[in-house]
Amino acid sequence: MSAELLSGSYLSILETRTHDEFRDGIIRFANDLGFQYVSAMTVVDHSLTHTEFINVDNMPSDWLQASASGSGTGRRDPVMQHCKRGSVPIIWDQSTYVTKGAADLW
């Protein structure tokens, strides 16, 4: 896919008005890049003790169940922590979790 088409796919996400339109746009853009699955996240720190993780994804249900189990998982998950601290996308694999001491979350 050409850079021009990818740019249009990405920019169309900025024009979405609903959660579902945003989700569909993120999935379409990820598919255009050649990825089957996508998980986009924004993190809102309401206070020092209350952080909200807002996800948009098309992940398989088994992955969703595993990520939802366990209190405090977000604090240990290196991908979630990356998203909390930065605004650049991340591509991860099992080694991301292993090198951060969180292999059990993979």
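The values are calculated or read from the model by the stated rules, or taken from the named source; none is laboratory data. Note that the structure is predicted; figures quoted are calculated from it, not measured. Positions of Cβ are generated from backbone atoms using ideal geometry, with glycine treated the same way; all protein chains shown enter the neighbour counts.
I want to confirm something. Restricting to the stretch 26-55 and keeping residues that are more than 11 Å from the chain's Cα centre (by Cα), part of a strand (DSSP E or B) and β-branched (Val, Ile, Thr), which single residue is surrounded by the fewest Cβ atoms within 10 Å (Cβ to Cβ)?
Among those residues, the one meeting the criterion is 44.
Which residues, taken from the stretch 56-95, are surrounded by fewer than 14 Cβ atoms within 10 Å (Cβ to Cβ), over 17 Å from residue 106 (Cα atoms) and either of a type outside the set (Gly, Ala, Ser) or modelled with pLDDT of 85 or more (or both)?
85, 88, 89
Of all the residues that make up the stretch 82-98, how many are part of a helix (DSSP H, G or I) and in contact (Cβ under 8 Å) with a residue 12 or more places away in the chain?
5
Within the stretch 7-50, track down each residue that is more than 19 Å from residue 88 (Cα to Cα) and of a type in the set (Val, Ile, Thr).
16, 18, 49, listed by residue number.
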